[in-house]
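> One structure, as structure tokens, below. Some questions next.
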Amino acid sequence: MLKHEFTGTPFTIGVEEELMIMDADSLELAQEIEAILDAVPENAAGEVKPELMQSVLEVATEPCPDVRTAGEQLAGLRREVAEIAERRGLRIGASGTHPSALWEDQLIVERPRYRELAEGLGYIARQELIFGTHVHVAVNGPNKAVYVADGIRQYLPLLLGLSSNSPFWRGAETGMMSSRTPVFRAFPRVGIPPHYGGWEIYSRRVELMMKSGAIPDYTYLWFDVRPHPNLGTVETRVFDQQTRLEHTLALAALTAALVHRFAALFDAQEPMVEAPTELVDDNKVRAALTGMEGELIDFATEREVSAGDMARDLLSELREHAQELGCADELAGIEDLLERGTGARRQLRMWKRRKDMRELAREIAEATRA
């Protein structure tokens, strides 16, 4: 079976954010990742890394004891890369997509993994001009990790709806709250993962894919939630990138509380009921289209319910878990998304005021910096 590191302190947390590099004047994407990487100090807390496109950078925290510490690191990383960018006539922005950028104008990063990816997937990889947030939460035990990932699986559409922050694509209002979702959907091994049921099944299925030559290793499974054996975490990857840091932290706290809840259910030997993939996926499409402003299928009642009501019910269930993890204050940020609108709704309000893509990108950059 696969080797794993599900042996560490449970519920430590790490967060990764994918950010846009933009020209300060035009606010279009700029192919400047190498210039920014060259200027990052060696003693920076956390990491600044490249992604597939040269106009994208990733900031990643170290494993942190709680969400608040992760937030402090992310704030420092955002500030660091923003200052580096501004000294070079650039701006940093955070959103699920750039409002007007074209993938045809982007260059692939000169790294073997990304060059091979672009060559192997061709158009599918080249048009992946999207930005997401990934949240890692440590879990002690491989079977528990798979149980937790199986549990989070049914909540992926709700998490996407709360994070929806990409209503624009290629200079057009798409009518979707998360246009990032259908773009990434073209990749293989993405979206709603299988319900694995246990470590042995997960391990055998991953090894089969590796042995057959489908993937080099499990990190090429880009599902919306996945066990991460090398890090000993469950990684939730469904989120659109958030413009405001407090919303990233709210989603991180929600994820951590979900992990804590399912870990407790595993310890109590509560059976995991498999949610049908076709229903979870239907919910995900609904969430991509309407964010938190539509209805989702409630698996308990098998009926449509308001996405907002579903989120508030979940918050009530998770409050004690968040308090135990020390992230109740950060979790309260979900209420801001419910009351004032997700990032997508806020972008649409910005757009309505001026109908200017450049000014929309500028406002995104300013909100990212704040």
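The values are calculated or read from the model by the stated rules, or taken from the named source; none is laboratory data. Not measured: the values here are computed from a predicted model. Neighbour counts are summed over all protein chains in view; Cβ atoms, including those assigned to glycine, are modelled from backbone coordinates with ideal geometry. We work out accessible area using only protein heavy atoms, side chains counted, and drop any ligands, DNA or RNA first. Shrake-Rupley method; radii C 1.70, N 1.55, O 1.52, S 1.80 Å.
> When the chain is modelled as a GNM with alpha-carbon springs shorter than 10 Å, which of Val238, Val137, Val40 fluctuates the most?
Val40
> How many angstrom separate the Cα center of the stretch 321-370 from the Cα center of the stretch 14-64?
What the calculation gives is 20 Å, centre to centre.
> Provide the packing ranking of 55-65, 188-198, i.e. peptides ordered by the mean count of other C-beta atoms within 10 Å per residue, highest first.
On the way: 55-65: 20.1, 188-198: 17.1.
For the peptides 55-65, 188-198, the packing ranking is 55-65, 188-198.
> Springs between alpha-carbon pairs under 10 angstrom, Gaussian network model over the chain: which of Val183, Val67, Val259 fluctuates most?
Comparing Val183, Val67, Val259 in a Gaussian network model of the chain, the most mobile one is Val183.
> Calculate, for the chain, the solvent-accessible area per residue in square angstrom, rolling a 1.4 angstrom probe over the heavy atoms of the protein chains.
So the chain comes to 42 Å² accessible per residue, rounded to a whole number.
> Within the accessible area of the stretch 24-156, what % is carbon and sulfur when the probe is 1.4 Å and the other protein chains stay in place?
Accessible surface attributable to carbon and sulfur in the stretch 24-156 totals 45 percent.
> Using only the alpha-carbon atoms, how far is helix 245-267 inclined from the longest principal axis of the chain? Give it as 0 to 90 degrees, nearest 10.
10
> On the accessible surface of the stretch 197-238, probed at 1.4 Å, how many percent belong to carbon and sulfur atoms?
In the stretch 197-238, the share of accessible area belonging to carbon and sulfur is 55 percent.
> Next up: I'd like the FRET efficiency for Glu207 and Glu270, computed as 1/(1 + (r/R0)^6) with the beta carbon distance as r and R0 of 41 Å, rounded to 0.05.
On the way: r = 28 Å, r/R0 = 0.69.
My answer for the efficiency is 0.90.
> FRET efficiency for Thr9 and Ala172, Cβ-Cβ distance as r, R0 = 56 Å, nearest 0.05?
Given R0 = 56 Å and the Cβ-Cβ separation, E is 0.75.
> Debye calculation, C-alpha points only, no solvent: report log10 I(q)/I(0) for the chain at q = 0.07, 0.08, 0.15 Å⁻¹, in the same order as the q values.
At q = 0.07, 0.08, 0.15 Å⁻¹ the computed log10 ratios are -0.28, -0.37, -1.42.
> Please find the FRET efficiency linking Tyr123 to Leu37, where r is the Cβ-Cβ separation and R0 is fixed at 25 Å, and quote it to the nearest 0.05.
0.40
> Further question: Helix 112-121: angle to the longest alpha-carbon principal axis of the chain, degrees 0 to 90, nearest 10?
Roughly 80 degrees, rounded to the nearest 10.
> Taking the chain as a Gaussian network, Cα atoms linked when under 10 Å apart, which of Gly213, Gly93, Gly171 shows the biggest mean-square fluctuation?
Most flexible of the set in this elastic network: Gly213.
> Something else now. What residues from the stretch 133-172 fall in the zone where the backbone N is under 13 Å from a label point 7 Å along the Cα-to-C-beta line of Met1?
141-147
> While we're looking at this one, here's another question. Could you give the length gained on full extension between Glu104 and Val305, defined as 0.36 nm per residue of separation minus the Cα-Cα distance, in nm? Please report the intermediate quantities before stating the final value.
Details: separation 201, 0.36 × 201 = 72.36 nm, distance 4.00 nm.
Separation in residues times 0.36 nm, less the Cα-Cα distance, equals 68.4 nm.
> Further question: Please report how far the C-alpha centroid of the stretch 74-111 lies from that of the stretch 196-214, rounded to the nearest whole angstrom.
Between the Cα centre of the stretch 74-111 and that of the stretch 196-214, the gap is 36 Å.
> In whole percent, and with a 1.4 Å probe on the protein chains, what portion of the accessible area of the stretch 285-370 is carbon and sulfur?
The computed percentage sits at 43.
> For helix 277-290, report the angle its Cα long axis makes with the longest principal axis of the Cα atoms of the chain; keep it between 0 and 90° and round to the nearest 10°.
It works out to around 30 degrees.
> Can you give the helix-only mean residue ellipticity at 222 nm for the chain, where every DSSP H stretch with n ≥ 4 adds -39500 (n - 2.57) and the sum goes over all residues, rounded to the nearest 500 deg cm²/dmol? Write down the numbers at each step before the final one.
Working: 15 runs with 173 residues, N = 370.
About -14500 deg cm²/dmol.
> Determine which lysines satisfy two conditions relative to Lys211: a Cα distance under 30 Å, and not lying fewer than 8 residues away in the same chain.
Candidates past the 8-residue exclusion: Lys3, Lys49, Lys144.
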